[in-house]
Amino acid sequence: MTAPTRFSTARPCLSAYPKRGCAPPRRFSPKLVLGVAALLTCILAGSAGRPISAQSLAPYIPSPEDVVDRMLAFAKVTGDDVVYDLGCGDGRIPIAAARKYGAKGVGFDIDPALIELAKANARAAGVEGRVDFRVQNVLTADVSKATVVTLFLLSSSNERLRPILTQQLKPGARIVSHAFSMGRDWPADAIDQFVSAHGDEVTLYLWRIK
């Protein structure tokens, strides 16, 4: 059996949540939830050294590896799929799709350092021939070749991406979002709620393009 890939952690991760960037557990008080939202706002407004267009979508908080596995399973990824990760960070989702399912993976991130980290992780996992990582603002990305799109962005960012996804993706394509919805006027076709390996309550949303 192939040993699981251990991703490089050379770059520190900003996390507004207590355990590896998962959605805040339901036991949080309303005041604490508001505090998390305020912290995210501060990160987005004041992070030094990151372009404004990147800040407007989300801070870098990678999905834990067990959540990545659950996202891909929720989307029913197969070797015939092309998985696009918008805001790919260290590349763990496209890499997992390639390793576990034989799918092709494409990751976009506006941070060149993270793209280089993703490429290094792909080489370490032995899947560099099945994945491609690009320095690009996801709001300008061509996603028309994707059959699966994965997201871990803010709800407001998902809503900004919605017209791009609905216009470019073909019928049958699936979109999976970790923790954040697409807004009230586009409810998910399916929702998966579970407790992660780190004890966090996680919500995934799935949409199918019709």
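Evaluate the following for Asp185: is it under 16 Å from the mean Cα position of the chain (by Cα), more than 20 Å from Asp66 (Cα to Cα) and of a type in the set (Asp, Glu)? Step through it out loud before you land on a result.
Numbers: under 16 Å from the mean Cα position of the chain (by Cα): no; more than 20 Å from Asp66 (Cα to Cα): yes; of a type in the set (Asp, Glu): yes.
So Asp185 does not fit the description; no.
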| query | Across the range 73-86, what is the total count of residues that are touching a helix residue (DSSP H, G or I) at 6+ places or on another chain (Cβ under 6 Å) and buried (at least 23 other Cβ atoms within 10 Å of the Cβ)? | reply | 4
| message | I'm trying to understand the selection: among the residues of the range 101-128, which are in a loop (DSSP other than H, G, I, E, B) and buried (at least 16 other Cβ atoms within 10 Å of the Cβ)? | response | Ala103, Ile110, Asp111, Val127, Glu128
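Going through the range 84-107 one residue at a time, which ones are of a type outside the set (Gly, Ala, Ser) and within 15 Å of Pro62 (Cβ to Cβ)?
Here is the first cut: in the range 84-107, the ones of a type outside the set (Gly, Ala, Ser) are 84-86, 88, 90, 92-95, 99-101, 104, 106.
Hits for the range 84-107 are Asp85, Leu86, Cys88, Asp90, Arg92, Ile93, Pro94, Ile95.
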| Are there any strands (runs of 3 or more DSSP E) wholly within the range 134-203 with 2 or more residues that are more than 27 Å from Pro112 (Cβ to Cβ), and if so which? | 190-195
| field | Residue list for the range 123-182, restricted to those being in contact (Cβ under 8 Å) with a residue 12 or more places away in the chain and hydroxyl-bearing (Ser, Thr, Tyr) | value | Ser144, Thr147, Thr150, Ser155, Ser157, Thr166, Ser177, Ser181
| Name the residues in the range 176-210 that are over 19 Å from Ile61 (Cα atoms), out of contact with any Asp or Glu (no Cβ under 8 Å at 6 or more places or on another chain) and crowded, with 19+ Cβ neighbours inside 10 Å, would you? | none
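A short reminder: the numbers here are calculations on the coordinates, not readings from a lab. If you're wondering where the values come from, they're calculated on a predicted model, not measured in any experiment. Methodologically, a virtual Cβ is constructed for each residue, glycine included, from the backbone with ideal geometry; neighbour enumeration extends over all protein chains shown.
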